[in-house]
Amino acid sequence: MARTEFLAERINRIKPSPSMAAKALVDKLRAEGRDIIDFTIGEPDLNTPTHVVEAAIDAMHRGETKYTGSSGTPALRKTIAEKLHRDNGLEYGAENIVVGSGGKHVIFHALAVSLNRGDEVIIHAPYWVSYPDMVVVNDGVPVIVSGTEQQGFKLTPESLEAAITPRTKWLILNTPNNPTGAVYTEAELVALGEVLERHPHVWVMSDEIYEHFVYAGVRHVSPVKAIPSIKDRSLVISGASKGYSMTGFRLGFGAGPTSLVNAISKLVSQTTTCPSSISQAAAIAAFGGSQDAPREAAKVFEARGKLMAELLEGVPGISVKAPRGAFYLYPCVAGLIGKTTPDGQALNSDLDVVKYFTEYAGVATLDGSAYGVAPYLRLSFATSEESIREGCKRIAQACNELR
Ligand code: PMP
Ligand code: GLU
């Protein structure tokens, strides 16, 4: 048993990632023989494209099984610069790119190389669960700006302006958003840009990991494209995990000023050394090869998201909207709070709802509380249509049995 007093104060400031903890719980319950429908983890169930898998195998046969430079191979960095031009209309050179072991790794390292004790990072809620803890463990202070469903869960210029102080180091923007699926329009980004132009000390971390997944005619616009004046103080984050079903390859990147990407690379050289050489070869095929896979995946997820929203519409106590992007629904469950379960438990929070659905209905979900806005649930629809149908049926039944 580890003695907690041995551990650094830093690690006690944070909790395990709730999405990873939920996935671990699903694995544990299934190992115990429980029949669980999993709406927790945000991970495409689709196969990695064959040409990407083959590129990884070919790289191994060619002997590309060794360390690479800390920022990634020149070939991959060039491919990413070309991808940013092709998909996002952004002009970066290979020297502006740092490749990491997942987008999460790059975000963490970017915070680690830039935050001094007490520096503030503006995070709009609902937020991806890892942002606040990644700030806290790196001595920063998350400044949470709460969003509302009425504003489409998007940061407004007024609330951004009000949150900025002389200690603000970063604004983290995430479009398309995890967990709400919100996608910022160009006009909304331009309006945020007007605020940012008044505060040149604020850097922008633009997390675009769900860039391929936009629905119902909505377009993904990179904030740096919409607000060119912030390019010299922005880090664009994306990766292979979501668009190309490559979560296990652990491959993401950041694009930004050389001063920042070189600092990230320096820290990588002292931590993980470099991203996996095999994953980097695969990522060249993903970002540089046929783009059919992300296009097809977007169609599949759009249909699944629509289906899940339709199946939950009209379920008593749940209020749901079809998603605009990413692969999550974020339904409000205010109508379930105060109800009593068949075995006499009161539902006092969205956490209680999660517990009830898991234990009583065998459907695992995440609580909105973990994402900073309650009472909501986060449901991932990056799972099979069959699971979506069965899971929603079970949720509807569980809701109908409440008193
Ligand atoms: N940003 C957001 C908003 C995410 O949901 C994820 C998924 N874990 C990531 C970044 C990072 O993904 P990865 O580390 O697999 O690239
Ligand atoms: N981003 C995914 C999710 O939100 C993967 C898990 C994680 O890194 O948090 O479920």
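The values are calculated or read from the model by the stated rules, or taken from the named source; none is laboratory data. Keep in mind it's a predicted model, so treat the numbers as computed, not measured. In this analysis, Cβ positions are derived from the backbone assuming ideal geometry, glycine residues included, and neighbour counts consider all displayed protein chains. Just so you know, the surface numbers come from the protein's heavy atoms only, side chains and all, with ligands and any DNA or RNA stripped out. Shrake-Rupley method; radii C 1.70, N 1.55, O 1.52, S 1.80 Å.
Can you tell me which residue is surrounded by the most Cβ atoms within 10 Å (Cβ to Cβ) among those in region 282-305 that are among the basic types (Lys, Arg) and in contact (Cβ under 8 Å) with a residue 24 or more places away in the chain?
Taking region 282-305 and keeping what is among the basic types (Lys, Arg), we get 295, 299, 304.
Narrowing further to those that are in contact (Cβ under 8 Å) with a residue 24 or more places away in the chain: 295, 304.
Details: ARG295: 11, ARG304: 21.
Only one residue tops the list, namely ARG304.
Quick check: is even one residue across region 153-169 of a type outside the set (S, T, N, Q), surrounded by fewer than 19 Cβ atoms within 10 Å (Cβ to Cβ), more than 21 Å from ALA286 (Cα to Cα) and within 15 Å of ligand 2 (Cβ to nearest atom)?
Within region 153-169, not a single residue is of a type outside the set (S, T, N, Q), surrounded by fewer than 19 Cβ atoms within 10 Å (Cβ to Cβ), more than 21 Å from ALA286 (Cα to Cα) and within 15 Å of ligand 2 (Cβ to nearest atom).
Within region 193-202, restricting attention to residues that are in contact with a Ser or Thr (Cβ under 8 Å, 6 or more places away or on another chain) and open to solvent by less than 70 Å² (accessible area, probe 1.4 Å), which residue is farthest from TRP128 (Cα to Cα)? Steps first, answer last, please.
Here is the first cut: in region 193-202, the ones in contact with a Ser or Thr (Cβ under 8 Å, 6 or more places away or on another chain) are 193, 196-197, 199, 201-202.
Those left that are additionally open to solvent by less than 70 Å² (accessible area, probe 1.4 Å): 193, 196, 199, 202.
Values: GLY193: 22, LEU196: 22, HIS199: 25, VAL202: 20 Å.
Within region 193-202, the match that is farthest from TRP128 (Cα to Cα) is HIS199.
All but one of (1) within 16 Å of ligand 2 (Cβ to nearest atom); (2) closer than 19 Å to GLY289 by Cα hold for ASP45; state the number of the condition that does not hold.
Of (1) within 16 Å of ligand 2 (Cβ to nearest atom); (2) closer than 19 Å to GLY289 by Cα, only one is false for ASP45: (2).
In region 37-46, is there at least one residue being open to solvent by 30 Å² or more (accessible area, probe 1.4 Å) and over 20 Å from the mean Cα position of the chain (by Cα)?
No, region 37-46 has no match at all.
Of all residues in region 87-107, count the ones that are assigned to a loop (DSSP other than H, G, I, E, B) and closer than 16 Å to TYR210 by Cα.
At the first step, the residues of region 87-107 found to be assigned to a loop (DSSP other than H, G, I, E, B) are 89-93, 101-102.
Now narrow it down to the ones that are closer than 16 Å to TYR210 by Cα: 102.
Total satisfying the criteria: 1.
I'm trying to understand the selection: among the residues of region 106-129, which are open to solvent by less than 30 Å² (accessible area, probe 1.4 Å) and under 24 Å from SER70 (Cα atoms)?
Listed by number, the residues that qualify are VAL106, ILE107, HIS109, ALA110, LEU111, SER114, LEU115.
Got a number for residues in region 61-99 being of a type in the set (A, V, I, L, M) and free of Cβ contacts under 8 Å to residues at least 40 places away in the same chain? Outline the logic, then answer.
Applying the first criterion (of a type in the set (A, V, I, L, M)) to region 61-99 yields 75-76, 80-81, 84, 90, 94, 97-99.
Now restrict to residues that are free of Cβ contacts under 8 Å to residues at least 40 places away in the same chain: 94.
The total comes to 1.
Considering (1) over 30 Å from VAL363 (Cα atoms); (2) not in a helix (DSSP H, G or I), say which one GLU82 fails and leave the rest.
All conditions are met except number (2).
Out of the residues in region 47-79 meeting the condition of being assigned to a helix (DSSP H, G or I) and of a type in the set (S, T, N, Q), tell me which one is most open to solvent (accessible area, probe 1.4 Å). Don't jump to the end; show me each part of the working.
Let us first name the residues in region 47-79 that are assigned to a helix (DSSP H, G or I), namely 50-61, 74-79.
Then keep just the ones that are of a type in the set (S, T, N, Q); that gives 50, 79.
Working: THR50: 94, THR79: 18 Å².
Residue satisfying both the conditions and the ranking: THR50.
Against the condition under 20 Å from the mean Cα position of the chain (by Cα) and open to solvent by 20 Å² or more (accessible area, probe 1.4 Å), how does SER380 come out, does it pass? Break it down stepwise before answering.
Numbers: under 20 Å from the mean Cα position of the chain (by Cα): yes; open to solvent by 20 Å² or more (accessible area, probe 1.4 Å): no.
The answer is no for SER380.
Quick grid of which residues meet (1) among the charged types (D, E, K, R); (2) within 16 Å of ligand 2 (Cβ to nearest atom); (3) under 30 Å from ILE164 (Cα atoms):
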{"residue": "ILE41", "(1), (2), (3)": "no, yes, no"}
{"residue": "ALA81", "(1), (2), (3)": "no, no, no"}
{"residue": "ASN116", "(1), (2), (3)": "no, no, yes"}
{"residue": "TYR131", "(1), (2), (3)": "no, yes, yes"}
